[in-house]
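Asks: Structure below; questions to follow.
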Amino acid sequence: MVRSIVFTIMLVSIFALGFGAESAPGRVAATDGVIVVIPNGDPILIGVARDAEGPAIEIGEGQLNATRMAIDDYGPIQGFTVMAKDWNAGCNEVSAVEAANEVVADPAHLGVIGHTCSGSMAAGLPIYEAATIVAISGTATSVGLPGEGPTVFNRTIVDDLNGPDAFSEKVRGQPQWDDWAQAYDDFNSANPGGGSAGTLGANGAPPQFAEFAYDAAMLLLTRIDEVATVSVEGDLVVNRSVLAAAVRNTTDFRGVTCDITIEANGDRAPELADLTPCDPVGQPVIWGDNNCSGSADPIDSLLTLRFDAGLPTNTGDCPAFGASVHVEVTVGRVPAAGPQGGDTNLMWGDIDCTLAINPIDSLKLLRFDAGLPVSQEAGCSLLGANVAVVPLP
């Protein structure tokens, strides 16, 4: 009877915490200077400014599909869904300006992935700079682009002086790229509608630079998640200036294309000469999968409660509850400065990085299993994220 009452209370708490007020009729995203407010229930928009009909259509197709995949991999941001908004920015100034103005006109756009072509990027950047909308390109390689968007321009591909084609080829020789390429194909086969040129390039692989667009999208999503707050009304609030600075200050962001550091002018720090395999050296696991069963699920929640109650727990091939581990995220979200003082040494089972393993961790696992939003400490890995752990002495 006591157990039944406890679980009833837990379930009520889980679902009660997940529901907020619905957005008021007629409310739309709005800006006040650099502050963007997205009403509760509305989506976050990520603009994809690509060549949809010109000489780089295949690369643009990969850019769109990779962004859609990244959004799906990352999931909601603080309870808000994220959508990719496709814009034809072409490889010419006219299309670029039209697309950039459309993006700026809708405050729900928190950032842009693109443009595909350097000339189009150069034409769009002054418009984004004036509106403080951050843009990250995985394809535009012209050396002069940083000057067109001093605070908002960034790229995950190296510039023309550092051999972007050779860099791309070297990335595609890394062990983690094969897994990503298969995931790209699987996602786009299961989720058609990203465009008209198909999901794979002419050689049967993802289009050139698609992996750099994926990393650009994952970087943008991660930084939005870090700087956004939710108001008492349940609206998402983002300071565009703070977001732009967070992207620009990126150091060692782990992506498909290995570690990414953004230089002071928005360029990716060149690393072609010493690029080494960036697979994690630790044991690959899923964050929240405390018993290494292959998923973070209610069994992990029950094990957490048993540990909190001082009862025996079987974590299978995983580290024991409370064991010190070094955590490395395989793709996307890299732990930042947080409760660990900036390092990534955590306790196994402390899924929200609060330096404690308690019933709150159990509740969050149940919420995750139910598809409800889960809050994490700043820099903490997302539940369900692919990570690698190395036990510490």
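Asks: Just the residues that are part of a helix (DSSP H, G or I) and in contact with a helix residue (DSSP H, G or I) (Cβ under 7 Å, 6 or more places away or on another chain), please, taken from the stretch 42-70.
Replies: Hits for the stretch 42-70 are Gly62, Gln63, Asn65, Ala66, Thr67, Met69, Ala70.
Asks: Would you confirm, using the coordinates I've provided, whether Thr222 is at pLDDT 90 or above and in a helix (DSSP H, G or I)?
Replies: So Thr222 passes the test.
Asks: While we're looking at this one, here's another question. Note down all Cβ pairs under 6 Å where the first residue falls in the stretch 235-264 and is closer than 16 Å to Ala30 by Cα, the second is among the polar types (S, T, N, Q), and they're at least six residues apart or on different chains.
Replies: Taking only residues 6 or more apart or on different chains, the pairs are Asp235/Asn40; Val237/Thr229; Val237/Ser231; Arg240/Thr132; Ser241/Thr132.
Asks: Being among the charged types (D, E, K, R) and over 18 Å from the mean Cα position of the chain (by Cα) is the filter here, so list the residues in the stretch 229-248 that pass it.
Replies: Residues of the stretch 229-248 among the charged types (D, E, K, R): 233, 235, 240, 248.
Result: Glu233, Asp235.
Residue-wise test of (1) basic (Lys, Arg); (2) touching a Leu at 6+ places or on another chain (Cβ under 8 Å); (3) without any contact (Cβ under 8 Å) to a residue 24 or more places away in the chain; (4) under 12 Å from Phe212 (Cβ atoms).
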{"position": "Pro126", "(1), (2), (3), (4)": "no, no, yes, no"}
{"position": "Ala131", "(1), (2), (3), (4)": "no, no, no, no"}
{"position": "Val143", "(1), (2), (3), (4)": "no, yes, yes, no"}
{"position": "Gly149", "(1), (2), (3), (4)": "no, yes, no, no"}
{"position": "Val158", "(1), (2), (3), (4)": "no, yes, no, yes"}
{"position": "Ala166", "(1), (2), (3), (4)": "no, yes, no, no"}
{"position": "Pro175", "(1), (2), (3), (4)": "no, no, no, no"}
{"position": "Trp180", "(1), (2), (3), (4)": "no, no, no, yes"}
{"position": "Ala183", "(1), (2), (3), (4)": "no, no, no, no"}
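Asks: Pull up the stretch 358-392, narrow it to residues that are among the β-branched types (Val, Ile, Thr) and touching a strand residue (DSSP E or B) at 6+ places or on another chain (Cβ under 6 Å), then point me to the one that is surrounded by the fewest Cβ atoms within 10 Å (Cβ to Cβ).
Replies: Ranking the candidates gives Val390 first.
Asks: I need every pair where a residue in the stretch 364-393 that is modelled with pLDDT of 80 or more has its Cβ under 9 Å from the Cβ of a residue that is part of a strand (DSSP E or B) and among the aromatic types (Phe, Trp, Tyr), sequence separation at least 6 or different chains.
Replies: Sorted first by the residue in the stretch 364-393, then by its partner, the pairs are Pro373/Phe80.
Asks: Can you pull out every residue in the stretch 89-99 that is part of a helix (DSSP H, G or I) and either within 22 Å of Val36 (Cβ to Cβ) or not polar (S, T, N, Q) (or both)?
Replies: Within the stretch 89-99, Glu93, Val94, Ala96, Val97, Glu98, Ala99 meet the criteria.
Asks: Oh, and also: Is the stretch 297-310 home to any residue that is surrounded by 15 or more Cβ atoms within 10 Å (Cβ to Cβ), outside any helix (DSSP H, G or I) and either among the aromatic types (Phe, Trp, Tyr) or modelled with pLDDT of 90 or more (or both)?
Replies: Scanning the stretch 297-310, I find at least one residue that is surrounded by 15 or more Cβ atoms within 10 Å (Cβ to Cβ), outside any helix (DSSP H, G or I) and either among the aromatic types (Phe, Trp, Tyr) or modelled with pLDDT of 90 or more (or both), so the answer is yes.
Asks: Of the conditions (1) modelled with pLDDT of 90 or more; (2) surrounded by fewer than 20 Cβ atoms within 10 Å (Cβ to Cβ), Gly338 satisfies every one except a single condition; which number is it?
Replies: Of the numbered conditions (1) modelled with pLDDT of 90 or more; (2) surrounded by fewer than 20 Cβ atoms within 10 Å (Cβ to Cβ), the odd one out for Gly338 is (1).
Asks: A follow-up question, please. Looking at the stretch 32-41, which of its residues are surrounded by fewer than 16 Cβ atoms within 10 Å (Cβ to Cβ) and either touching a helix residue (DSSP H, G or I) at 6+ places or on another chain (Cβ under 9 Å) or not in a strand (DSSP E or B) (or both)?
Replies: Gly33, Val34, Ile35
Asks: Those residues that are in a loop (DSSP other than H, G, I, E, B), in contact (Cβ under 8 Å) with a residue 40 or more places away in the chain and surrounded by 15 or more Cβ atoms within 10 Å (Cβ to Cβ), I need them from the stretch 281-294; list them, please.
Replies: Gly282, Trp287, Gly288, Asn290 - these are the residues of the stretch 281-294 that are in a loop (DSSP other than H, G, I, E, B), in contact (Cβ under 8 Å) with a residue 40 or more places away in the chain and surrounded by 15 or more Cβ atoms within 10 Å (Cβ to Cβ).
Asks: Looking at the structure I just gave you, is Ala166 surrounded by fewer than 14 Cβ atoms within 10 Å (Cβ to Cβ), farther than 24 Å from His109 by Cβ and modelled with pLDDT under 90? Walk me through it before giving the result.
Replies: Values: surrounded by fewer than 14 Cβ atoms within 10 Å (Cβ to Cβ): yes; farther than 24 Å from His109 by Cβ: yes; modelled with pLDDT under 90: yes.
Answer is yes for this residue.
Asks: Regarding Asp32, is this residue closer than 17 Å to Ala210 by Cβ and modelled with pLDDT under 95? Working first, answer last.
Replies: Details: closer than 17 Å to Ala210 by Cβ: no; modelled with pLDDT under 95: yes.
No, not satisfied.
The values are calculated or read from the model by the stated rules, or taken from the named source; none is laboratory data. Worth saying up front: this structure is predicted, and the values here are computed from it rather than measured. When we count neighbours, we look across all protein chains shown, and the Cβ atoms used for this are built from the backbone with ideal geometry, even at glycine.
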